[in-house]
Amino acid sequence: MLALALTGAVAAAAAAAAGYQSMAPTGQWYGQTFTGLQPGCRQIALTYDDGPNDPHTMRLLEVLARHGIRATFFLIGSYVQQCPEIVREIVQAGHIVGNHTFTHPLLIFKSEAEIRQELSQCRSALEDAVGGPSNLFRPPFGGRRPAVLRVARDLGLEPVMWNVTGYDWNAPPASVIEQKVSNQIRGGNVILLHDGGHKQMGADRSQTVVATDRLIAKHKSEGCEFVTIPEMQKKPVVAVAS
């Protein structure tokens, strides 16, 4: 009985660990993903998920332009089709766009065919909007399993996760977002924020916009350099607006 109990406990622990690794942003069990650089590096990459989102993406672009900062936007394909003009504004301003699937499903529960369709449809939407593809991919909710990463790489996409989050999806006050991010920054960070919401267009991201303004001012004054994901990886940009 003891042996059976121990076996069951080990199996439960293994299942829990596997589940954690499928969602943990820095987990590498199921394949390598980019999560940032070694602590101490002065580079920081701001990344935004779930756009384009009218009007908050445009307001965020104004803040980034005022500071002379470029960021990386992981876009939902169905929103790209609704607001291609915002996507063009993002790219024309020098920012990078990435694939965040077409409808924002949790991919760990999808078949390989469904995963491929989600990524391919988003890629097509981005190509239609800006005249070129993106080679960056971020899984919704961070959810991935080996099949997700395999399909992504088959399509020429590089998975990008994060190692700092502002926990801004529920739109807390800007001061809360700012504090949560600043408390985690150690250098070499990829910061996850949101300029949209996956449930519907028009999600209120005004507090994220304010927090972004404050975070850039604070950490630039401390000697940090804000870069895009390709700049952090020292790789060429792929998508450019035509």
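Residue ranges 83-90, 206-213, 176-183 sort as 206-213, 83-90, 176-183 when ordered by packing (mean number of other C-beta atoms within 10 Å per residue, highest first). The lysine pair tally for the chain, using Cα distances under 26 Å and a gap of 8 or more places or different chains, is 7. Only the Cβ atoms of Lys and Arg (+1) and of Asp and Glu (-1) were treated as charged; on that basis the dipole of the chain about its Cα centre amounts to roughly 580 debye.
Surface composition of region 39-101: carbon and sulfur atoms hold 47% of the protein heavy-atom accessible area at a 1.4 Å probe. Expressed per residue, the C-alpha convex hull volume of region 122-242 stands at 138 Å³.
Relative to one another, the C-alpha centroids of region 159-216 and region 37-53 are positioned 10 Å apart.
The values are calculated or read from the model by the stated rules, or taken from the named source; none is laboratory data. Being a predicted model, the structure only gives us computed values, none of them experimental. Cβ atoms come from the backbone with ideal geometry, glycine included; neighbour counts cover every protein chain shown. Keep in mind that these areas ignore ligands, DNA and RNA; they rest on the heavy atoms of the full protein, side chains included. Shrake-Rupley method; radii C 1.70, N 1.55, O 1.52, S 1.80 Å.
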